[in-house]
Amino acid sequence: LDADDVAHLRSLLSTPDSSLVTTIPSPDGSWKEAAPEDLVSYNVDWMDKYHGNSPVLVKPKSTDEVSKVLQYCYQKRIAVVPQGGNTGLVGGGVPIYDELILSTEGMNQIREFDDVSGILTADAGGILESLSNFLHPKGYMMPLDLGAKGSCHIGGNISTNAGGLRLLRYGSLHGTVLGIEAVLPDENGTVLSINMPGGGGAGALRKDNTGYDLKQLFIGAEGTLGVVTGVSIMTPRLPSAYNVAVLSVPDFASVQKVFKETRGQLGEILSAFEFFDHEGLEMVLEHTGAQSPFESAPEEGAEKPFYVLIETSGSNKDHDDEKLGSLLESLLENGTISDGTLAQDETQVQSLWSLRESLPEAAGKLGRVYKYDLSMPVKDMYSLVEEARERFAEKGLDKDGSIKTTVGYGHIGDGNLHINIVAKDWDKKVEQTIEPWIYEATAKRNGSISAEHGLGLMKAPYVGYSKTDPAIAVMQQIRRLFDPRGILSPAKYLPQASELPLQG
Ligand code: FAD
Ligand code: MLT
Ligand code: ZN
């Protein structure tokens with residue numbers, strides 16, 4: 001990227017002074033050179049783990065501008081990294097070297113909302129929480145919710161196929177996304193509009209059975225096939241009654257027992273079932289300064305308890321209260337749960353949720369976090385956390401202070417375990433003790449190395465633990481079909497992506 005590229009890119013944008021930020025000096029004073037710190041937050045990821053060095057950030061205001069930028073990048077073979085809210089956890093959304101950063105920050109309009117069908121059509125740069133705030137007064141909600149809601153963009157959510165806290169109830173984005181508009185990195189900067197209103201062809205329909213379902217390819221493509229610029233998504237009705245309870249159970253077998261009972265007794269009103277371990281609770285309480293919601297702490301040397309968070313959402317408070325009340329009563333009576341607390345008002349709902357939602361932030365404040373989001377049968381989940389701790393103890397990594405703590409939590413309802421290994425520093429010795437061991441241990445349990453965070457830079461070399469060679473080969477061919485010159489996030493997502501034959 002040089003001054004000629006910057007001058008050309010500026011000529012494509014309607015508001016170049018606010019839509020293009022660069023540290024490349026202007027030869028003739030036609031733009032203001034940015035300070036390197038203006039680009040830091042776009043070059044570094046949320047965990048401060050992956051650092052790029054891009055001198056150019058473009059924030060197009062429309063699909064047409066994205067198209068012109070990608071067409072130019074195709075012509076000049078300029079590598080591009082699409083970026084939303086930059087909350088991704090696998091190094092996918094930041095440059096590795098000096099790729100142009102294409103942010104959707106400037107594209108955050110709501111295009112239309114149909115309050116009969118609940119179908120929302122919006123620009124890709126809409127912040128998840130802003131979209132929820134738009135829907136709430138209309139009696140609707142976004143079908144996904146995650147701790148990063150205040151920053152992540154809906155385009156980023158789609159591109160990572162984000163799961164989150166309520167997937168158990170509302171399903172994955174593969175089910176709720178109806179249409180996608182994306183710009184391809186080809187010679188025309190082609191705008192692909194699939195089941196989007198006003199894009200030609202069918203628009204924002206619940207059912208469209210005409211041909212390959214191309215939009216699915218963009219869900220979880222992590223910016224390797226095109227830049228998502230718009231989305232149509234089905235939004236569910238906002239429930240009028242909520243309950244949240246956090247329960248303490250003596251062991252992981254009881255977590256599973258409570259889950260089975262809860263599903264059986266609560267049925268359709270269950271909207272989240274999360275778990276975290278005692279190390280996780282201690283870390284959060286330390287970080288937030290909150291009081292433990294439980295009456296008694298485990299005694300020195302005793303087995304450490306586990307905690308589950310149960311949320312119900314429904315339309316009849318008395319009915320939901322009665323169902324949850326009788327569930328808790330039966331669990332207490334048969335001794336499955338040892339302690340518990342039920343939120344009495346909205347403030348308590350928030351503070352109980354915060355015990356779970358603050359885990360990523362608390363880990364990040366404590367040290368450098370090696371994060372894993374693994375998918376596997378629920379029964380096999382926690383043995384992996386225990387195996388990890390034993391491994392670190394054998395290698396002396398806990399005694400010498402290299403590893404501060406290992407925390408297990410996750411979305412039990414989705415069979416998704418999160419392991420956060422909090423280290424004193426980014427440390428090759430720690431990393432090599434964890435990887436590829438953790439991926440092998442996951443594969444042995446017939447699991448997947450990514451349940452929801454994706455592959456990015458972190459897991460590109462390891463996808464073979466979860467996908468066969470023929471499947472990877474087909475994915476590589478699809479990638480080249482959409483991105484013939486390999487300009488979108490090269491070196492990420494699939495192994496040896498940069499060695500694939502280029503076309504054109
Ligand atoms: P970014 O981080 O900007 O980008 C992520 C990837 O998508 C990159 O590969 C990027 O190139 C690509 N991309 C972004 N926008 C586009 C676009 N418009 N077109 C094409 N490609 C694009 N994830 C979960 O699944 N579940 C959780 O519960 C969850 N909780 C989280 C909690 C916290 C506190 C944090 C920090 C993260 C959490 N995440 C979770 C991970 C992350 O928030 C999600 O993956 C989120 O969907 C990323 O959105 P983003 O806009 O920040 O994307
Ligand atoms: C979560 O479930 O909290 C998210 O996936 C983020 C994380 O694990 O750090
Ligand atoms: Zn998660």
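The values are calculated or read from the model by the stated rules, or taken from the named source; none is laboratory data. Small disclaimer: the values here were computed from a predicted structure and weren't measured. Note that each Cβ is placed from the backbone with ideal geometry, even for glycine, and that neighbours are counted across all protein chains shown.
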Q. Assuming residue 101 fulfils every condition listed in (1) part of a strand (DSSP E or B); (2) closer than 22 Å to residue 457 by Cα; (3) out of contact with any Leu (no Cβ under 8 Å at 6 or more places or on another chain); (4) not hydroxyl-bearing (Ser, Thr, Tyr) apart from one, which condition is it?
A. (3)
Q.
If I filter region 437-496 down to residues being of a type in the set (Lys, Arg) and farther than 12 Å from residue 224 by Cβ, which single residue comes out as surrounded by the fewest Cβ atoms within 10 Å (Cβ to Cβ)?
A. 444
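Residues are listed down the side, and each one gets a yes or a no for (1) within 16 Å of ligand 1 (Cβ to nearest atom); (2) surrounded by fewer than 19 Cβ atoms within 10 Å (Cβ to Cβ); (3) under 24 Å from residue 48 (Cβ atoms):
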{"position": "373", "(1), (2), (3)": "yes, no, yes"}
{"position": "383", "(1), (2), (3)": "no, yes, no"}
{"position": "390", "(1), (2), (3)": "no, yes, no"}
{"position": "412", "(1), (2), (3)": "yes, no, no"}
{"position": "418", "(1), (2), (3)": "yes, no, yes"}
{"position": "421", "(1), (2), (3)": "no, no, yes"}
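Go through region 120-188 and tell me which helices (runs of 4 or more DSSP H), entirely inside it, have 1 or more residues that are within 21 Å of residue 310 (Cβ to Cβ) and among the aliphatic types (A, V, I, L, M).
Filter on region 120-188 gives 167-170.
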Q. Given the conditions (1) small (Gly, Ala, Ser); (2) more than 16 Å from ligand 1 (Cβ to nearest atom); (3) under 17 Å from residue 280 (Cα atoms), which single one is not true for residue 408?
A. (2)
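Residues to consider are 203, 211; find the one that is out of contact with any Lys or Arg (no Cβ under 8 Å at 6 or more places or on another chain), surrounded by 17 or more Cβ atoms within 10 Å (Cβ to Cβ), of a type outside the set (A, V, I, L, M, F, W, C) and not in a strand (DSSP E or B).
Values: 211 fails: surrounded by 17 or more Cβ atoms within 10 Å (Cβ to Cβ).
None of the other options fit; the residue is 203.
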**Q.** Which numbered condition residue 172 fails, given (1) within 12 Å of ligand 1 (Cβ to nearest atom); (2) over 22 Å from residue 203 (Cα atoms); (3) buried (at least 18 other Cβ atoms within 10 Å of the Cβ)
**A.** (2)
Q: Go through 61, 32 for me and flag whichever is charged (D, E, K, R), more than 19 Å from residue 483 (Cβ to Cβ) and buried (at least 17 other Cβ atoms within 10 Å of the Cβ).
A: 61
Q: Would you mind stating whether residue 45 is of a type in the set (Asp, Glu), at pLDDT 95 or above and either within 30 Å of residue 206 (Cβ to Cβ) or touching a helix residue (DSSP H, G or I) at 6+ places or on another chain (Cβ under 9 Å) (or both)?
A: no
